[in-house]
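Chemist: Sharing a structure, written as structure tokens. Questions coming.
The values are calculated or read from the model by the stated rules, or taken from the named source; none is laboratory data. Being a predicted model, the structure only gives us computed values, none of them experimental. Cβ sites come from the backbone with ideal geometry, for glycine too, and all protein chains shown count toward neighbours.
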Amino acid sequence: MEDRLMTVKHLATYLNVNERTVLKLVADGSIPGVKVGNQWRFRKAMIDTWLDDQMLGVTPRFVDRPLPPDPARRMLELASCFQPEHVQPVLAARTKDAAIEELSALAHRLGLVRDKTWFVGALIERENIMPSATGNGIAFLHTIRRNPEQVTRPFMILGRSPDGVDFDALDGQPTHLFFVLGLKYDELHLPWLTKLSQMLARPDSVRELLAAPDAAAIHRALSEAEKRLAPGSGTEAKP
């Protein structure tokens with residue numbers, strides 16, 4: 001089916017549900033749609049994105065209404081968006097722009113972003129407003145605005161520079177670990193940054209990532225750091 005506007009009837013057939021279910025989903029803001037006159041219309045590409053996110057356990061909202069916080073439901077598990085192939089264990093880049101280019105190329109090569117040029121520009125735009133390097137050798141790169149049509153699925157990639165790159169860090173030191181977040185929806189942004197910051201708050205977590213011999217070991221070390229957090233709480237588990 002080509003990417004065209006779908007009616008409620010078309011969408012019900014596509015999802016194999018009845019029309020009342022479609023109307024309920026769009027009325028409570030669960031699926032993306034727009035009213036043309038008094039009729040709902042849907043884009044197939046956005047519906048496919050919504051289906052992908054449901055399979056990953058992501059629950060974006062498309063209607064702006066107050067909802068009780070449910071961080072456990074909205075938070076992605078690391079395994080759903082970060083795999084060993086998402087790790088570049090040795091970055092060749094020696095400058096900020098070159099690092100962004102290299103990391104963006106990895107995301108594009110893995111099929112995580114549709115347009116590498118867009119992703120490079122979006123990351124640089126964010127850097128020009130405020131550097132993403134927080135100090136302690138770590139940077140959290142992301143775009144200012146989330147773009148569901150450019151990001152094929154939520155992801156994180158990690159690049160490591162043994163020698164370090166001058167990334168305008170707050171402490172003036174070189175940056176060694178570059179976490180790039182590719183998120184579709186704003187509601188995932190702050191929870192993920194918070195989670196990563198807590199995972200890396202322990203000095204031994206950073207040391208393990210720097211000492212890991214290869215991409216698989218880096219992936220295991222970060223997964224272990226996630227396990228140290230209490231399930232669903234976003235805080236460190238007490239021993």
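Chemist: If you scan the range 154-175, which residues turn out to be surrounded by fewer than 17 Cβ atoms within 10 Å (Cβ to Cβ) and charged (D, E, K, R)?
Modeler: If we filter the range 154-175 for residues that are surrounded by fewer than 17 Cβ atoms within 10 Å (Cβ to Cβ), which is where we start, we get 162-164, 166, 168, 170-174.
Result: Asp163, Asp166, Asp168, Asp171.
Chemist: Okay, moving on. Among Leu200, Leu170, which is the only one that is at pLDDT below 95, among the aliphatic types (A, V, I, L, M) and in contact with a helix residue (DSSP H, G or I) (Cβ under 7 Å, 6 or more places away or on another chain)?
Modeler: Values: Leu170 fails: in contact with a helix residue (DSSP H, G or I) (Cβ under 7 Å, 6 or more places away or on another chain).
That would be Leu200, the only listed residue that is at pLDDT below 95, among the aliphatic types (A, V, I, L, M) and in contact with a helix residue (DSSP H, G or I) (Cβ under 7 Å, 6 or more places away or on another chain).
Chemist: Quick one: in the range 219-238, which of the residues that are farther than 20 Å from Thr134 by Cα and assigned to a helix (DSSP H, G or I) is modelled with the lowest pLDDT?
Modeler: If we take residues in the range 219-238 being farther than 20 Å from Thr134 by Cα and assigned to a helix (DSSP H, G or I), then Lys227 is modelled with the lowest pLDDT.
Chemist: Among the residues of the range 123-143, write down those that are surrounded by fewer than 22 Cβ atoms within 10 Å (Cβ to Cβ) and not in a loop (DSSP other than H, G, I, E, B).
Modeler: Within the range 123-143, Ile124, Glu125, Arg126, Glu127, Asn128, Ile129, Thr134, Gly135, Ile138, Phe140 meet the criteria.
Chemist: Within the range 33-45, which residues are at pLDDT 75 or above, under 17 Å from Leu23 (Cβ atoms) and either hydroxyl-bearing (Ser, Thr, Tyr) or not in a strand (DSSP E or B) (or both)?
Modeler: The answer is Gly33, Asn38.
Chemist: Any idea which of (1) under 26 Å from Met46 (Cβ atoms); (2) in contact with a His (Cβ under 8 Å, 6 or more places away or on another chain) is the one Leu210 doesn't satisfy?
Modeler: Condition not satisfied by Leu210: (1).
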